[in-house]
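Have a look at the structure below before the remarks.
The values are calculated or read from the model by the stated rules, or taken from the named source; none is laboratory data. A quick note: this is a predicted structure, and the numbers were derived from the prediction, not measured. All Cβ positions, glycine included, derive from the backbone under ideal geometry; neighbour counts span all protein chains shown.
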């Protein structure tokens, strides 16, 4: 099983993002994330044995939760940089509670054998993966035109354990368990 934890987004935020991207999808040769996959990852677990799923669920149920909070989806950017980008993303502005949730999730899952994160948490929504043959000038133009855009607010009241399944054209995400914040 390929697993991760994350937050879902308010439908108006997803719609706003997709409305912005829709005209670019046929023109830019990117591997676009479908809007139903838009989410904010808090911890990527990777491959995990199905027979040990209960360990993960129990750890997430026991962990400290920060309580509900509001986050804002804003601006566009490129990882790792604009000169050799691999990912087009939307940024997230959130209170410390989001970073605390990511940290506490990392700690709780480390106790059951999931490797700890080596990099600092950087909240973002992956909108597309950039292929080597992608038209970088057009990607940079999109970024420049909408770099400071604001896509809306999401109230985070819960987070989810997701299953990622391979599917034609990308992956499908399924919420396995929901945990109240």
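If you go through the stretch 27-53 one residue at a time, how many are in a loop (DSSP other than H, G, I, E, B), modelled with pLDDT of 90 or more and over 14 Å from residue 87 (Cβ atoms)?
Summing the residues that are in a loop (DSSP other than H, G, I, E, B), modelled with pLDDT of 90 or more and over 14 Å from residue 87 (Cβ atoms) in the stretch 27-53 gives 4.
Among the candidates 143, 127, 153, 163, which residue alone is surrounded by 15 or more Cβ atoms within 10 Å (Cβ to Cβ) and over 30 Å from residue 105 (Cα atoms)? Let's see the steps before the verdict.
On the way: 127 fails: over 30 Å from residue 105 (Cα atoms); 153 fails: over 30 Å from residue 105 (Cα atoms); 163 fails: over 30 Å from residue 105 (Cα atoms).
Result of the check over 143, 127, 153, 163: 143.
Identify the single condition in (1) touching a helix residue (DSSP H, G or I) at 6+ places or on another chain (Cβ under 6 Å); (2) assigned to a loop (DSSP other than H, G, I, E, B) that residue 59 does not satisfy, given that it satisfies every other one.
Of everything listed in (1) touching a helix residue (DSSP H, G or I) at 6+ places or on another chain (Cβ under 6 Å); (2) assigned to a loop (DSSP other than H, G, I, E, B), residue 59 misses just condition (2).
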